[in-house]
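The values are calculated or read from the model by the stated rules, or taken from the named source; none is laboratory data. None of the values given here were measured: they were computed from a predicted structure. Note that each Cβ is placed from the backbone with ideal geometry, even for glycine, and that neighbours are counted across all protein chains shown. With ligands, DNA and RNA removed, areas are computed over all heavy atoms of the protein, side chains included. Shrake-Rupley method; radii C 1.70, N 1.55, O 1.52, S 1.80 Å.
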Amino acid sequence: MNNAEFISRLYKTHDHFACNLPSRHRAQEFIEELLSILFPHFLNQKYTIEADIADHLAEVQDDLTALLRPLESLPGTHSPAEVSATFFERLPDIYDLMLNDAEAIHRGDPAAISVDEVILTYPGFLAIAVYRLSHELCSLGVRLLPRVFTEFVHEKTGVDIHPGAQIGRSFCIDHGTGIVIGETTVIGNNVKVYQGVTLGALSVDKSLARTK
């Protein structure tokens, strides 16, 4: 293969990516922006009026729609605008789940001074929060983008939670390094998991990949 053929091959790959896959960088920006709205702990500025929060949420909703648009051609994928609208309608319930998780970590770790400390500094909370957002998108039929979200937080925290896993309320991760929670995992309410734990099959046939 000569250089011109190689360049042409690379161009086709980039062209396919632009049309069919979400931007990893924009996906990370979306997660960070959304978390900064939900939790002032992640925000570098203060809102002066309530309308500013509403405007910021509307902007981030548009960002999600744009992220979903390249995936629209995939089988089983619904309208990006509809998925985004439904996701943000459910956001208050997701937020309550996140707060329950933060409170569970505070109760479960004697070293935790406050819920604010948990939200601000605990990698386990960050991993759970991003899982909650990602899992909701999974429930709306979106497969690839939630994986980008959870892999982003996996890199930051060392906690690997598949967005397809089912995790109940008040979930506590204590010292999260090395935790793996696979897609087939089902966890009930009021559960604490320590570091170095794998939940899910070590090896599974492809035909059973989504069997809980």
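Taking the conditions (1) open to solvent by 10 Å² or more (accessible area, probe 1.4 Å); (2) hydroxyl-bearing (Ser, Thr, Tyr); (3) at negative phi in turn, Ser170 satisfies each one other than (3).
Check whether at least one residue in segment 18-25 is modelled with pLDDT of 80 or more, surrounded by fewer than 11 Cβ atoms within 10 Å (Cβ to Cβ) and more than 16 Å from Pro146 (Cα to Cα), and report yes or no. The answer is no, given that none of the residues of segment 18-25 is modelled with pLDDT of 80 or more, surrounded by fewer than 11 Cβ atoms within 10 Å (Cβ to Cβ) and more than 16 Å from Pro146 (Cα to Cα). Looking at segment 191-207, can you tell me whether even one residue there is open to solvent by 20 Å² or more (accessible area, probe 1.4 Å), part of a loop (DSSP other than H, G, I, E, B) and modelled with pLDDT of 95 or more? Looking through segment 191-207, at least one residue is open to solvent by 20 Å² or more (accessible area, probe 1.4 Å), part of a loop (DSSP other than H, G, I, E, B) and modelled with pLDDT of 95 or more. Within segment 189-197, can one find any residue that is out of contact with any His (no Cβ under 9 Å at 6 or more places or on another chain), under 21 Å from Leu35 (Cα atoms) and of a type outside the set (Ser, Thr, Tyr)? No - not one qualifying residue is present in segment 189-197.
The helices (runs of 4 or more DSSP H) found entirely in segment 88-160 that carry 1 or more residues being under 14 Å from Ser170 (Cβ atoms), at pLDDT 95 or above and open to solvent by less than 30 Å² (accessible area, probe 1.4 Å) are 91-108, 115-121, 123-139. Between a first residue in segment 146-160 that is within 19 Å of Val83 (Cβ to Cβ) and free of Cβ contacts under 8 Å to residues at least 40 places away in the same chain and a second residue that is assigned to a helix (DSSP H, G or I) and open to solvent by less than 30 Å² (accessible area, probe 1.4 Å), which pairs have beta carbons less than 7 Å apart while being 6 or more apart in sequence or on different chains? Qualifying pairs under 7 Å: Pro146/Ser134; Pro146/Leu137; Pro146/Cys138; Thr150/Val130; Thr150/Tyr131; Thr150/Ser134.
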